[in-house]
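A short write-up of the structure that comes next.
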Amino acid sequence: MLGIIVQLAISWLIIWIYEKGNLSFLGFYPTKKRILDFILFFLITAFCCSSGFFLRMYFGKEVWNRNESLTTKIALNAIWWNIKSVLFEELIFRGVLFYILIKKLGVPKAIIISSIAFGIYHWFSQEVFGQPVQMAITFLLTGIMGALYAYGYTKSFSLFIPCAIHLGWNLTQGFIFSQGPIGKGMFVLAKEQPVVNVSYLIYFTILLTPILSTWIINFLILKKRKQTVLLP
């Protein structure tokens, strides 16, 4: 939490130096519209992310069991960890520097730069640096998601939408299906799994459906949204 406080303090200092402004560019004030947007985009993303696991259960015959050792304290700690992680990354990649890039270069170039930086960042956060194939896959997938988060910010000039999409994805993978760095969450994969051979079509369907559906559905909804005006 201290890191986020430091981020906010640095953000305030940068924006004050840049345009004598304040942190209003982050759009943190919880209006009714922002709260409803958060719920909508969170639920859409959580469902899309879950689709990959549903496909794995159907085609790969995976079995997921409820984590019997999960306690309320562990669950709350895991949720809070994901919230802090998402907010930390959003303040870096969709925060004050992204806002200044929009002002200086315009929305399209700012989104490209932000998504590239987001992809490169995950080489290190996912510890794949030095593995060319894995680096390319990580860069592509996280870059696509970074572009979506950035687009969500540029449509609303608030972190509510990018945080909702980001948290919906991370919480579903990392906590609900225990595929993150914090250990076992709500459901855990059964120890013994049958060996199942599937076609390349099914394999890539399982692999790409979650991220592509997340990107396409959220993008189409955002595209139809009325553009929020960026004040000078």
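In whole angstrom, the chain maps to an equivalent ellipsoid with semi-axes of 33, 20, 17, each derived as √(5λ) from the alpha carbon gyration tensor and ordered largest first.
Just how far, in whole angstrom, is the range 162-182 from the range 1-74 if you go by their alpha carbon centroids? What the calculation gives is 8 Å, centre to centre.
If you take the square roots of the eigenvalues of the alpha-carbon gyration tensor of the range 121-214 and sort them as a ≥ b ≥ c, do you get rounded (a/c under 1.5), prolate (a/b over b/c) or oblate? Cα axes put the range 121-214 in the prolate bin. For the peptides 131-144, 69-82, 108-121, 89-102, the ranking by mean Cβ contacts within 10 Å, running from highest to lowest, is 89-102, 108-121, 131-144, 69-82.
Pairs exceeding a 25 Å alpha-carbon distance, out of K155/K184; K61/K184; K33/K84; K84/K155: K155/K184. Between R225 and I10, full extension at 0.36 nm per residue minus the direct alpha carbon distance yields a gain of 74.3 nm.
Given an 8 Å cut-off on Cα distances and at least 6 residues of separation, report the relative contact order of the chain as a percent. Before the final figure, lay out the partial values.
Numbers: 261 pairs, mean separation 77.7, N = 232.
That works out to 33 percent.
A protection proxy built from the mean count of other Cβ atoms within 10 Å ranks the segments 171-177, 14-20, most packed first, as 171-177, 14-20.
Note down the net charge around F177, summing +1 for each Lys or Arg and -1 for each Asp or Glu among other residues with Cβ under 11 Å from its Cβ. Net local charge, F177 excluded: +1.
Before rounding to the nearest 500, sum -39500 (n - 2.57) across all DSSP H runs of length at least 4 in the chain and divide by the residue total; then give [θ] at 222 nm in deg cm²/dmol. Write down the numbers at each step before the final one.
Numbers: 8 runs with 159 residues, N = 232.
Per the formula, -23500 deg cm²/dmol.
Read the figures in this text as sums done on the coordinates, not as results from a lab. This one's a predicted model, so the numbers in the text were calculated from it and none came from an experiment. Heads up, the Cβs are rebuilt from the backbone with ideal geometry, glycines too, and the neighbour counts pull from every protein chain shown.
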